[in-house]
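Novice: Have a look at this one.
The values are calculated or read from the model by the stated rules, or taken from the named source; none is laboratory data. These figures come from a predicted structure and were not determined experimentally. Heads up, the Cβs are rebuilt from the backbone with ideal geometry, glycines too, and the neighbour counts pull from every protein chain shown.
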Amino acid sequence: MPTANTDYNAAYASVHDAIVGGEQTADRLISEFAEELSGRRVLDIGAGTGRVAKVMGDLAESVIGVELSPHMLAMAGDLPPNVTLLQGDFSRPLPVANNFSAAIAACGSLACVPDSPALTAAAAHVREALLPQAWFIVEYYARDIYESFVEMGQVNFTNEAGFTGYTKGQLDGDILTVHTHIALDEGGVLEFSEQVFLPDYPQVAESIGAAGFKLVDEMHPEDLPFDWLLFQASNIDS
């Protein structure tokens, strides 16, 4: 049986929005933090195809999204006039000016690191791009939900886009590996794996806080596999 897009980034980009739900799944997060985003220059970390950035464009003065994968950027399509996507790696200094009054890392994007020091380093690069007292909204994978997912073994699914397949997870300490297998309409198979850093949320908050942020609020939606953490940037020298 043929396998399409065996490269992880290309594979994931080709089905990303269909799997995570497209723009409609971003509405709830953006609505919850509308006050922190409205009228601001917003930096979107791990912007992917621009799914969240497009929704924020209705609220923000402007949005600049930074995404590592060129495959994801190629899937972005038309963007609102106040939304721009750039290629960049949050493990390094970001290719943007340091004048943002808000930032967001949605859908677990900051979890693509190997450990706590790397998470702190990534958050520090975000901090460098922010004004003092800027907001930083982090949507991070909820460990308790994914522990239950791993215990279930193979999980079969059919989503609203018509994809059928299965996922399997393995948790090794604080590293979660998820393998996804999708049956394509034309008879092929799409397979990809991702690996993310999955500590308890207090460790996530501590790691990000060490980069110059103060935790202001936290939410743990019972019906979502994410924790929502709201930080505020300290003065850069404090």
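Novice: Do we find a residue being over 19 Å from residue 119 (Cα atoms), out of contact with any Leu (no Cβ under 8 Å at 6 or more places or on another chain), among the basic types (Lys, Arg) and at pLDDT 95 or above anywhere in the stretch 32-42?
Specialist: yes
Novice: Any residue that is free of Cβ contacts under 8 Å to residues at least 40 places away in the same chain and in contact with a strand residue (DSSP E or B) (Cβ under 9 Å, 6 or more places away or on another chain) - is there at least one of those in the stretch 99-119?
Specialist: Within the stretch 99-119 (the criterion being free of Cβ contacts under 8 Å to residues at least 40 places away in the same chain and in contact with a strand residue (DSSP E or B) (Cβ under 9 Å, 6 or more places away or on another chain)), the answer is no, since none of the residues qualifies.
For (1) touching a helix residue (DSSP H, G or I) at 6+ places or on another chain (Cβ under 6 Å); (2) under 19 Å from residue 162 (Cβ atoms); (3) modelled with pLDDT of 95 or more; (4) not in a helix (DSSP H, G or I), each residue gets a yes or a no:
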position	(1), (2), (3), (4)
10	yes, no, no, no
14	no, yes, no, no
26	yes, no, no, no
71	yes, no, no, no
78	no, no, no, yes
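Novice: Give 157, 90, 136 a once-over and let me know the one that is outside any helix (DSSP H, G or I), aromatic (Phe, Trp, Tyr) and exposed (fewer than 14 other Cβ atoms within 10 Å of the Cβ).
Specialist: Step by step, each of 157, 90, 136 is checked, and only 157 is outside any helix (DSSP H, G or I), aromatic (Phe, Trp, Tyr) and exposed (fewer than 14 other Cβ atoms within 10 Å of the Cβ).
Novice: For the structure I just gave you, tell me whether residue 52 is assigned to a strand (DSSP E or B), in contact with a strand residue (DSSP E or B) (Cβ under 7 Å, 6 or more places away or on another chain), crowded, with 16+ Cβ neighbours inside 10 Å and assigned by TED's automatic domain parsing to the domain that holds residue 128.
Specialist: no
Novice: I'd like the full set of residues that are over 11 Å from residue 105 (Cβ atoms) and either touching a Pro at 6+ places or on another chain (Cβ under 6 Å) or crowded, with 24+ Cβ neighbours inside 10 Å (or both), limited to the stretch 38-47.
Specialist: 42
Novice: Being over 19 Å from the mean Cα position of the chain (by Cα), among the charged types (D, E, K, R), modelled with pLDDT under 90 and part of a loop (DSSP other than H, G, I, E, B): is that true of residue 237 here?
Specialist: yes
Novice: For the stretch 178-204, which positions are part of a strand (DSSP E or B) and among the aromatic types (Phe, Trp, Tyr)?
Specialist: 192, 197
Novice: Return a yes/no flag: does the stretch 145-158 have any residue that is in contact with an Asp or Glu (Cβ under 8 Å, 6 or more places away or on another chain) and either among the small types (Gly, Ala, Ser) or farther than 29 Å from residue 98 by Cα (or both).
Specialist: No, the stretch 145-158 has no match at all.
Novice: Right, another one. I'd like to check something: does the stretch 162-182 contain any residue that is without any contact (Cβ under 8 Å) to a residue 40 or more places away in the chain, over 25 Å from residue 14 (Cα atoms) and surrounded by 14 or more Cβ atoms within 10 Å (Cβ to Cβ)?
Specialist: yes
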